[in-house]
Amino acid sequence: MTTPSTRIRAGDQDRERVATRLQEASGEGRLTLGEAEERLAAAYAATYVDELTALTRDLPEPTPPRPPRFPRPLQVHAAVVAVLSALLVVRFAVSDAEFFWPVFPVFWLGVSLLAHAAVRGRGRVVPY
């Protein structure tokens, strides 16, 4: 009887993840073309996870992507505020009002945008 192995077998997703990292490292100039080809061949031929980790051990960890400075919902809100403000100003321009009445709704639209940005900045929002 043989003793059971404590090594974990690698799956296709594991191999693809390592192959992608090797290709990125080659594109960054961290690996030569020959090294990249050798490591890619070894990655696709790997049976165990520890064989895959040995292929990327000398490479730095990839930097995680930065979240966008202005998330998509905030961009949409800002666009709606801009369009509504422009429509209000055009409506004022074609009317014969004596005072600039759009200042009040534009003010509240701006306040709503600032409140939205503040709430999102605190991170207490449900992602959508």
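The values are calculated or read from the model by the stated rules, or taken from the named source; none is laboratory data. Values in this document were obtained by computation on a predicted structure and should not be read as measured data. All Cβ positions, glycine included, derive from the backbone under ideal geometry; neighbour counts span all protein chains shown. In case anyone asks, the SASA skips ligands and DNA or RNA and just uses the protein heavy atoms, side chains included. Shrake-Rupley method; radii C 1.70, N 1.55, O 1.52, S 1.80 Å.
Some points to look at:
- Positions within the stretch 1-54 being charged (D, E, K, R) and more than 27 Å from the chain's Cα centre (by Cα), in sequence order: Arg7, Arg9, Glu35, Glu37, Glu38, Arg39, Asp50, Glu51
- Selection count, the stretch 1-23, where residues are touching a strand residue (DSSP E or B) at 6+ places or on another chain (Cβ under 8 Å), open to solvent by 60 Å² or more (accessible area, probe 1.4 Å) and closer than 25 Å to Thr63 by Cβ: 0
- Residue in the stretch 58-75 that is modelled with pLDDT of 90 or more and in contact with a His (Cβ under 7 Å, 6 or more places away or on another chain) present: yes
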